[in-house]
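The values are calculated or read from the model by the stated rules, or taken from the named source; none is laboratory data. The model shown is predicted, which means the values in this text are computed figures rather than measured ones. Cβ placement follows ideal geometry from the backbone for every residue including glycine, while neighbour counts extend to all protein chains displayed. When the accessible area is computed, the model is the full protein with side chains, heavy atoms only, and any ligands, DNA or RNA have been set aside. Shrake-Rupley method; radii C 1.70, N 1.55, O 1.52, S 1.80 Å.
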Amino acid sequence: MILLVEDEPRSRYAFGKILRANGHEVMEAADGQEALKLLEQHNFDLVITDLVMPRLNGFLLAAQIRSTRPHMPVLLISGCFSEDAGRIISSGSAEFMHKPIDPADLIAAVQRLLH
C-alpha cells in the first residue's frame, strides 16, 4: 500500500488516480502530521510526499520515517529543488521527482521502489 502525502487537493487527486489506475492501493494525507497518524495505524510499502506542506513538511516527515522505518522507500516530489532536498537524496534517505511529474515516470519510480 502507498501513502500519498500532498497538501494540494488537485495534485493529490491526480497522483492518486494515476497510482490506482496502475493497480496500487493508496491512502492519502493532506500534510505530514496526518501522514504520521496513518503510519502508526497502517503498514505501507512506500511513501510519496510533497516537500512543501503546512504543519509538517516533507523533509521532517522523511526524517521521522527514517528514524522508525529505515528501510521504507520514500519518494519526495516538489516543484522546487533545495539544498535540503539535495542532502536527503544524496544521503540515500529518499528519491526525488520534480513537478510537473509525467505519469509514466511516476509509475516507473514506484515500481522500482517497490521491487
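A few notes on this one:
- Helices in the chain, meaning DSSP H runs of at least 4 residues, each add -39500 (n - 2.57). Divided by all residues, the mean residue ellipticity at 222 nm is -14000 deg cm²/dmol.
- Accessible-area value, MET27, 1.4 Å probe, nucleic acids and ligands omitted, Å²: 50 Å²
- Counting DSSP beta bridges with both ends in the chain, the antiparallel % (nearest 5): 0 percent
- Protection proxy ranking for 56-64, 102-110, using the average of other Cβ atoms within 10 Å per residue and placing the highest first: 56-64, 102-110.
- Positive-pole candidate from GLN111, PHE59, ILE48, dipole of the chain, charges at beta carbon: GLN111
- For LEU56, nonlocal amide neighbours, meaning residues 5 or more places apart or on other chains whose placed amide H falls under 5 Å from its own, are GLY32, GLN33.
- Rounded to the nearest whole Hz, the Karplus-based 3J(HN,Hα) values (6.51 cos²θ - 1.76 cosθ + 1.60, θ = phi - 60°) of the range 10-16 follow the sequence 5, 5, 4, 4, 5, 5, x, with x at glycine and proline.
- Shown are PHE96, PHE15, whose ranking by accessible area with a 1.4 Å probe and every protein chain present, most to least, is PHE96, PHE15.
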